[in-house]
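Following: one structure in structure tokens, then a few remarks.
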Amino acid sequence: MLNRRLFLRHAALIGCSAAAHPLMTPMAFASAPGENRLVVIILRGAMDGIDAFQPYGDGNLRGLRRTLSRGPDHGALDLDGFFALHPGLSALMPLWNAGQLAFAPAVSTPYRDKRSHFDGQDMLEAGTGTDAALRDQRDGWLNRMLQVMPDMTSETAYAVGAEKMRILDGPADSLSWAPRSTLTLSPQAERLLEHVYHDDPLLHPASVQAIAIAEGLSPDLLDDANGAEHLELARFTADRLNRDTRIATFSISGWDTHAGQANTLDRSLKRLAAAIVALKDDLGRNWDTTTVMAMTEFGRTARENGSGGTDHGTGGAMLVAGGAIRGGRALGAWPGLGEGDLYDGRDLMPVRDIRAYAAWAMHQKFGIDRSRLEGAIFPGLDMGPDPRLLA
Amino acid sequence: MIPYDQLAAIRLGFGLSPRRRLPQDPSELLSEIAQSTRPGDLTTDRVSAILREGQDIRQKLRAGDADAREPLQQHRRDATRTRLRAMRERFARGVDARAGFGERLAWFWADHFTVEGADVYQNLLCETFVDEAIRPHLNGRFADMMFAAETHPAMLRYLDQSRSVGPGSALAQRRPKKGFGLNENLAREMIELHSLGVGADYDQRDIEQLAELLAGLLYAPRRDRVFFPARSEPGPETVLGVEYGADGQGRLQDIRAVIRDLSAHPATGAHLARKMAVHFVADDPPEALVARLQAAFVDGGGDLGAMNRVLAEAPELADHMRAKMRQPFDYIVAGLRGIGVTGKRVRNLNGRMTRLVLTEPMALMGQPWVMAGGPDGWPEEGAAWGSPQGLAARINWSMQVPQLLLKELPDPRAFLPVALGDTASDALRWAVPKAESRVEGVGIVLASGDFNRR
């Protein structure tokens, strides 16, 4: 495994925020850095990209997949005459038509061969290469991005959800909050706690911040989510992005489809699509300046297994959405599914480092220069040519 | 001046309890540790059997037997239930203890030798790890605990030792195309985290040599041993200037020998003494206490019981009262004790209540069960446990969980001395009687800095 200690846990200790609250001293927020917004969704468990974006134009697909990924004749939505969208993602078809959805069908991190979820996710979130001095890498790549961004405030970046997001771990301040974390206190209880915490240098600022976040939530924010976690994550994320937050990350799990993939993947894809649609709806005008990247630790085997599923593979798909992108197309080359095309004779061959897409997005939307991206943020990465991902 | 029983229970245990008579002096406190050395019901043998069952079902699935799908789901459910039962037992032991020093020590040493969950089997092994590698040695020799920990299946899986094969081993020679090689993960952590400490005088060569020496350790659920000579690297290996395995073939005794020497290294005593003082007394610990702990370790030849006594008798406990944040596990156990819940009640929590009372709050407070995030374990510094979300989760627990568990909540004014004895701050004494309801009054006590610190 990668050495996990390298991710320093970071508990952001932050000062008071400007929530309008009787017991707090209002303070001004520093101005948020620009209007561009980046959301990174980590798909934990390894999404089968071949099924999500089915390359039905590849003649070898049929031989590899008996019951899965059967293209437009079996319910998938044709995208470009070669790829078809899994019906579970059909809610995203309007985005595709509007040029606000794209995908890279064959990408990966530098992680190879062991195919462990945990190590794969660690590497995806660390943003490191295999040759880097991993032991010196103490933080996730979104945090390293924050470290070089000007005009940062503690509100700039948010890890949403109870799940630990290593991608945002590190010395730069960020916030984390699970949408379900409510803090409903009577005014009297709040006043009494304020008194009790008043002289505690650690708990006083934390309580002020907690109360501010909880009370700043629109009371009906999670109403339509009906307890569905992915919708809660998306709605809370949009709520933050509509304020001072510009970078947010959360994860959706349920992709490890070793068996019965026809049902299990459909469920997970529907959740992903619903989360993206909820982001778009709630962001309103701000969707125009938003880039959403959904990334997974690795892909799955090209060949369907004996239990109607797929096993851990290598190359996989990344989904990109948002009003800020130049979508309606597949990004990068298609490596093919022929015998000699596969990695290790079994997996989709990755044609590009997934980090390159993130780096180009950060370069174009947040003005981070290339040497920093290839040095500090994604050590050892060659960004390569501009994929012209963004509008 | 805080009475010893309250001081020791708050600082070295899980706080006060209306149901138990607290240990009155260091001897009573120390005598409690013996109970914590007893293992629970779940054993690694049992986990291996569960793992084999899972392998067999998956084998059928791979062979195209679709009827095996339902048994696989049932198998997963059963294993998860077994795991939750073992987890509840950890909480229940703390709840039922007189003070809980033994359980706190079990947590401390399990964290020193951190293993993390992954699949359902690894989650189960993380539970047997505490019972089999840690508990028996709480009052014993560090070298024995270290040997048990480094060779336990949970550790062999967690730090990739099961993937490590000597490049010159019989297995690698026989199957040269398989690309067998060493994995240094366990070797590195054995020196860097488990014994000498990262600042000590060793180099990469020592780690490589130790990795060669360790090759052969493997968890194989269908075998009843953990050392396989065919995977071991022909010796000898030199670690920190000492030669091991001179007679060629790798042996488990050589691993025992190197662990004995690592344990006795001067840097190890210093490392462990400081770590213990940081965990039990203060993030920035008093040097005199560190020195006494180190001396006890060295003079006793790695005797952990001697270190326990130093802690139990330490005057620094009073000097640094409430210098530490309770970690979420300590906090929840302390809360359950404080409101007078029994260990039996905790053991019998159903799945939903387990989630509401234990697992979800632990995760929201930042300490998801057996997922420390790295082999260096949970952070010690208070700031790591005082994030807004973490505190919100503690406040929510305080306000919501007591009424889930108790038919009738105590009068908050009476509850305050039950939970905090003579140690409550003036601010808290002022606030509690002013609460609008029992729920909020009890909640304010549990949410207070007084209760969140130890």
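The values are calculated or read from the model by the stated rules, or taken from the named source; none is laboratory data. Please read all numbers here as calculations on a predicted model, not as lab measurements. Every residue, glycine as well, gets a Cβ built from its backbone with ideal geometry; the counts of neighbours run over all protein chains shown. Accessible surface areas use protein heavy atoms only, side chains included; no ligands, DNA or RNA. Shrake-Rupley method; radii C 1.70, N 1.55, O 1.52, S 1.80 Å.
Would you check if there is a residue in the range A:228-240 being part of a loop (DSSP other than H, G, I, E, B), closer than 30 Å to A:Asp282 by Cα and touching a His at 6+ places or on another chain (Cβ under 8 Å)?
Checking the range A:228-240: not a single residue is part of a loop (DSSP other than H, G, I, E, B), closer than 30 Å to A:Asp282 by Cα and touching a His at 6+ places or on another chain (Cβ under 8 Å).
Per-residue answers, yes or no, for (1) away from chain B (no Cβ under 11 Å); (2) modelled with pLDDT of 85 or more; (3) touching a helix residue (DSSP H, G or I) at 6+ places or on another chain (Cβ under 7 Å):
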position: A:Ala178; (1), (2), (3): no, no, yes
position: A:Thr184; (1), (2), (3): no, no, no
position: A:Ala206; (1), (2), (3): no, yes, yes
position: A:Arg235; (1), (2), (3): yes, yes, yes
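Identify all residues within the range B:171-200 that are over 20 Å from B:Pro234 (Cβ atoms), open to solvent by 10 Å² or more (accessible area, probe 1.4 Å) and either charged (D, E, K, R) or not in a loop (DSSP other than H, G, I, E, B) (or both); write none if there are none.
B:Lys177, B:Asn185, B:Arg188, B:Glu192, B:Leu193
Which of the residues belonging to the range B:229-247 are open to solvent by 20 Å² or more (accessible area, probe 1.4 Å) and either aromatic (Phe, Trp, Tyr) or not in a strand (DSSP E or B) (or both)?
B:Pro229, B:Ala230, B:Arg231, B:Glu233, B:Pro234, B:Gly235, B:Pro236, B:Leu240, B:Gly241, B:Ala246, B:Asp247, listed by residue number.
Exactly one condition in (1) open to solvent by less than 60 Å² (accessible area, probe 1.4 Å); (2) under 30 Å from B:Val281 (Cα atoms); (3) at pLDDT 95 or above is not met by B:Gly40; state its number.
(3)
Would you point out the residue of the range B:155-170, among those that are more than 14 Å from every other protein chain (Cβ to nearest Cβ) and either at pLDDT 95 or above or in contact with a Pro (Cβ under 8 Å, 6 or more places away or on another chain) (or both), that is surrounded by the most Cβ atoms within 10 Å (Cβ to Cβ)?
Result: B:Gly166.
Would you check which residues across the range B:305-353 are in a helix (DSSP H, G or I), in contact with an Asp or Glu (Cβ under 9 Å, 6 or more places away or on another chain) and open to solvent by less than 10 Å² (accessible area, probe 1.4 Å) and list them?
Hits for the range B:305-353 are B:Ala312, B:Val333, B:Arg337, B:Gly343, B:Val346.
Mind checking which residues of the range B:394-424 are in a helix (DSSP H, G or I), aliphatic (A, V, I, L, M) and open to solvent by 10 Å² or more (accessible area, probe 1.4 Å)?
Passing the criteria: B:Met399, B:Leu404, B:Leu405, B:Ala414, B:Leu416, B:Val418.
Residues that are open to solvent by 10 Å² or more (accessible area, probe 1.4 Å) and farther than 19 Å from A:Ala358 by Cα: find the helices (runs of 4 or more DSSP H) completely inside the range A:75-193 holding 1 or more of those.
A:93-97, A:117-126
Kindly indicate whether B:Ala427 is open to solvent by 20 Å² or more (accessible area, probe 1.4 Å) and either assigned to a helix (DSSP H, G or I) or farther than 25 Å from B:Arg88 by Cβ (or both).
yes
I need every pair where a residue in the range B:357-370 that is within 19 Å of B:Leu124 (Cα to Cα) has its Cβ under 7 Å from the Cβ of a residue that is not in a helix (DSSP H, G or I), sequence separation at least 6 or different chains.
Final answer for the pair search is B:Thr359/B:Trp369; B:Met362/B:Pro368; B:Met362/B:Trp369; B:Ala363/A:Ala162; B:Gln367/B:Gln327; B:Gln367/B:Trp378; B:Val370/B:Glu116; B:Val370/B:Gly117.
Which residue out of A:Ala324, A:Ala302, A:Ala278 is touching a Lys or Arg at 6+ places or on another chain (Cβ under 8 Å), surrounded by 24 or more Cβ atoms within 10 Å (Cβ to Cβ), modelled with pLDDT of 95 or more and not aromatic (Phe, Trp, Tyr)?
Going through A:Ala324, A:Ala302, A:Ala278 in turn, the sole match is A:Ala302.
Exactly one of these conditions fails for B:Gln389: (1) more than 21 Å from the chain's Cα centre (by Cα); (2) open to solvent by less than 40 Å² (accessible area, probe 1.4 Å); (3) more than 11 Å from every other protein chain (Cβ to nearest Cβ). Give me its number.
For B:Gln389, the failing item is (3).
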